[in-house]
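Right, one structure below, let's go through it.
Values in this text are rule-based calculations from the coordinates and carry no lab data. All values derive from a computational prediction rather than experimental measurement. Note that each Cβ is placed from the backbone with ideal geometry, even for glycine, and that neighbours are counted across all protein chains shown.
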Amino acid sequence: MTFTIGGVVRARLDLSYDGTNFSGWGVQPALRTVQGELERALCRVVRGPEGSQLEPSDLRVTVAGRTDAGVHARGQVAHVDITPDSWQRLGGRSTHDPAQVLRERVSGVLPNDIVIHSATPAHEGFDARFSALERRYIYRIADNQAGRDPLTRRYVTWADRDLDVEALNEASATLAGLRDFAVFCKPREGATTVRDLKQFSWERVVTGADAGLVIATVRADAFCHSMVRSLVGAVTAIGTGKRDLGWLAALAAKDRRDDAIEVAPARGLTLEEVLYPPDAELAARAQIARARRGVEVCG
């Protein structure tokens, strides 16, 4: 079933991208961004009245998590609103599914560092940003020479010192929960920095594609600007023995960003998954999230 929201069809887009050559998600003048490339591609495929050309401002994309420059995404989610006339025009005079046509045609004009896995009519009440329950990131680190693979260097951070996983987990546990993460976030005027950090844990992987790496799993209801990389940077300072838990406790108690935090490189960070409630609860979840004035959902 195709729902209209405010007189438009809302299409959900599930996508992945290699963030290496992007200046982040959000559109910026004269810079290459994921949103900019996606909106340009949509304008080449979606047509207005009588087949007229649309502008990016006509097809603004809303995303679940605005990733920083150089950050990757495997499970990003976005939505775009399309008029019913333009939606039906996608299928032409055939019986082709407009959603399938949208995915195939947009995929055909996108650069190869962005992939749309699916395009579907969103359920009533869906908002890619505000309906989300949580975002899950993975940060990957090779902390020894043997674990350095030049073929994955764009997605893994190389560390010069061995990491103590037990110390990393002990430190990370002190930061979990609902709290103000202002010290770990780049400030945005009027934006709250209160977040519910549901998981911040580390493991040294022994099998699979990440074998030999130390990885962090970071889950929260939302993230503010630069929060994940700041958390990783602060905790890895303890994992290498450069800092101790007393330093971290004093740092976390501050109410503004501190230059003592060495922000971890962007290349090691990937948005892996965005979770949503059942369809019947999408609208209610979005209403609750919007009530938190000024929330910025970022990497």
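Straight-line reach from residue 242: which lysines fall under 22 Å, measuring Cα to Cα and dropping same-chain residues less than 8 apart? Result set, ordered by chain and number: 254.
Spacing of the modelled spin labels on residue 245 and residue 153, each 7 Å from Cα toward Cβ, amounts to 3.8 nm. Over all Cα atoms in segment 134-274, the spread is summed up by Rg and Dmax: 14.5, 46 Å.
Here is the list for segment 49-131: trypsin sites (Lys or Arg not before Pro) lying in DSSP coil, each with at most 11 other C-beta atoms within 10 angstrom of its C-beta, are 93. In this structure, residue 44 and residue 160 have a Cβ-Cβ separation that, at R0 = 41 Å, corresponds to a calculated FRET efficiency of about 0.35. Which whole-number percentage describes the relative contact order of segment 134-274, with Cα contacts under 8 Å and a sequence gap of 6 or more? With pairs under 8 Å counted, the relative contact order is 37 percent.
Just subtract the alpha-carbon distance of residue 178 and residue 275 from 0.36 nm times their residue separation and send over the number in nm, one decimal. Before the final figure, lay out each step's value.
Details: separation 97, 0.36 × 97 = 34.92 nm, distance 1.83 nm.
This chain segment gains 33.1 nm when fully extended.
Choose one answer from 108, 26, 208: the residue with the largest mean-square fluctuation in a GNM of the chain with alpha-carbon springs under 10 Å. Taking springs between Cα atoms under 10 Å, the residue moving most is 208. Note on residue 145 and residue 117: with the Förster distance fixed at 35 Å, the Cβ-Cβ geometry gives a FRET efficiency of about 0.50.
Separation of segment 146-200 and segment 227-256, taken as the distance between their Cα centroids, equals 9 angstrom.
If R0 is taken as 35 Å, the Cβ-Cβ distance between residue 21 and residue 186 corresponds to a FRET efficiency of 0.95. The amide H of residue 68, built 1.01 Å from its N in the peptide plane, has 299 as neighbours under 5 Å, considering only residues 5 or more places off or on other chains.
Mean-square fluctuations from a GNM of the chain, with a 10 angstrom spring cutoff on Cα atoms, peak among 226, 16, 57 at 57. Structural descriptor for segment 141-186: relative contact order 34 percent, calculated from alpha carbon pairs under 8 angstrom and at least 6 residues apart.
For residue 284 and residue 211, compute 0.36 nm times the residue count separating them, minus their Cα-Cα distance, and round to one decimal in nm. Could you put the intermediate results ahead of the total?
Values: separation 73, 0.36 × 73 = 26.28 nm, distance 4.06 nm.
Between residue 284 and residue 211, full extension yields 22.2 nm more.
From helices alone, the chain scores -7000 deg cm²/dmol at 222 nm; the rule is -39500 (n - 2.57) for each run of n ≥ 4 DSSP H residues, then divide by the residue total.
Label-to-label distance for residue 30 and residue 97 is 4.4 nm, based on points extended 7 Å past Cα in the beta-carbon direction. In sequence order, segment 270-286 has phi-based couplings of 9, 6, 8, 7, 10, 9, 10, x, x, 3, 5, 10, 4, 5, 5, 5, 5 Hz under the Karplus curve 6.51 cos²θ - 1.76 cosθ + 1.60, θ = phi - 60°, and Gly or Pro positions carry x. The magnitude of the dipole of segment 134-274, with charges of +1 and -1 set on the Cβ of Lys/Arg and Asp/Glu and taken from the Cα centre, is near 420 debye.
Could you work out the relative contact order of segment 27-107? I mean the mean sequence separation of Cα pairs under 8 Å and 6+ apart, divided by the number of residues, in percent. Walk me through the numbers before you get to the answer.
Values: 73 pairs, mean separation 22.3, N = 81.
Dividing the mean separation by the residue count of segment 27-107 yields 27 percent.
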